[in-house]
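The values are calculated or read from the model by the stated rules, or taken from the named source; none is laboratory data. Quick caveat, the model's predicted, so the values are computed rather than measured. So basically every Cβ, Gly included, is an ideal-geometry build from the backbone, and we count neighbours across all protein chains shown.
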Amino acid sequence: MWVLKTMAALMALVVLLLAGPAAVWFTGGAGSGDWSTASCEPAGLAPSPAEHPGAIVQLYAARAFSWRGAFAVHSWIAFKPRQAADWTAFEVQGWRMPTVRRRSGVPDRAWFGQTPQVIAQLEGERAAQAIPAIKRAARDYPYPQTYRAWPGPNSNTFTAWVVRRVPQLDVALPALAVGKDYLIDDSHPLGRFFAPAPSASGYQLSLYGVLGVLAARDEGLEFNLLGLVFGVDPLDLAIKLPGIGRLTVPPSIH
């Protein structure tokens with residue numbers, strides 16, 4: 001009897017984990033088609049350097065390409081120093097070695113057909129202070145020759161690494177940023193299992209990105225199971241579901 005109960009519990013767990021990603025996939029939210037012809041059009045989210053002379057930093061996230069987009073987003077960091085004529089972006093791409101790519105030009109292009117969103121932005125003096133720290137964190141990323149889509153290190157592991165090392169970037173990363181909970185700080189003995197939350201408003205425990213818990217003011221309470229996040233954010237009346245991401249109660253219902 002216990003065998004049947006265990007099998008039933010495992011099946012229920014699989015359904016719980018895959019229901020959201022399956023819904024996203026079958027409704028076309030993850031995108032599909034040929035990567036070589038997918039749109040890379042700018043989203044119009046990055047101010048023109050000519051029209052915005054001050055320093056600015058933006059963090060982006062877009063659904064990953066093809067089936068991966070049913071589960072996760074890809075994230076990257078872009079900045080423009082004061083009076084600079086162009087943007088610079090840092091991101092991790094798994095098909096490149098080293099994996100960390102620095103690129104110039106429009107930073108808000110679609111990620112293989114998926115329109116990005118700005119998940120955080122700094123302007124003025126705070127942005128100017130953050131830019132040198134972003135460059136140092138990208139340079140010091142400890143996995144420039146390693147990439148694993150699951151559970152990490154991947155593009156979201158890189159973004160979380162940079163955010164934690166830039167005091168001005170107190171960012172609650174999206175629940176769909178699979179890999180953000182893969183901890184890689186070797187500066188202290190527990191750095192691969194315990195760390196401040198990316199928002200710096202709480203803490204998290206994580207077992208190589210596949211099992212963990214995060215409690216913070218900005219993120220709320222998140223449970224990581226096999227890299228997928230369930231959570232609740234009481235301050236914003238929001239829940240977080242695998243594949244679907246963050247669902248917030250409309251203000252009119254509060």
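Structural remarks
- Residues in the stretch 147-175 that are touching a residue at least 40 places away in the same chain (Cβ under 8 Å) and small (G, A, S): A149, G152, S155, A172, A175.
- Of all the numbered requirements in (1) modelled with pLDDT under 95; (2) touching a His at 6+ places or on another chain (Cβ under 6 Å); (3) not β-branched (V, I, T), P189 misses one, and that requirement is (2).
- For the stretch 38-71, the candidate set comprises residues that are of a type in the set (S, T, Y) and either surrounded by fewer than 16 Cβ atoms within 10 Å (Cβ to Cβ) or touching an Asp or Glu at 6+ places or on another chain (Cβ under 8 Å) (or both); within that set, the residue that is modelled with the lowest pLDDT is S39.
- Subset tally (residues that are of a type in the set (G, A, S) and farther than 22 Å from L18 by Cβ) for the stretch 213-232: 3
- First in the stretch 3-29 and on the phi > 0 side of the Ramachandran plot, second anywhere and modelled with pLDDT of 85 or more, Cβ under 7 Å, 6 or more apart: none
- The number of residues in the stretch 181-201 being part of a strand (DSSP E or B) and closer than 17 Å to F230 by Cα comes to 0.
- Residues in the stretch 35-80 that are touching a residue at least 60 places away in the same chain (Cβ under 8 Å), under 25 Å from Y141 (Cβ atoms) and among the hydroxyl-bearing types (S, T, Y): S75 alone.
- Of all residues in the stretch 81-107 being touching a residue at least 60 places away in the same chain (Cβ under 8 Å) and under 21 Å from D170 (Cα atoms), the one that is surrounded by the most Cβ atoms within 10 Å (Cβ to Cβ): V92
- When residues of the stretch 113-146 are limited to those that are in contact (Cβ under 8 Å) with a residue 40 or more places away in the chain, in a loop (DSSP other than H, G, I, E, B) and of a type outside the set (F, W, Y), the one surrounded by the fewest Cβ atoms within 10 Å (Cβ to Cβ): Q145
- The single condition from (1) surrounded by fewer than 21 Cβ atoms within 10 Å (Cβ to Cβ); (2) among the small types (G, A, S); (3) touching a helix residue (DSSP H, G or I) at 6+ places or on another chain (Cβ under 8 Å) that A177 fails is (1).
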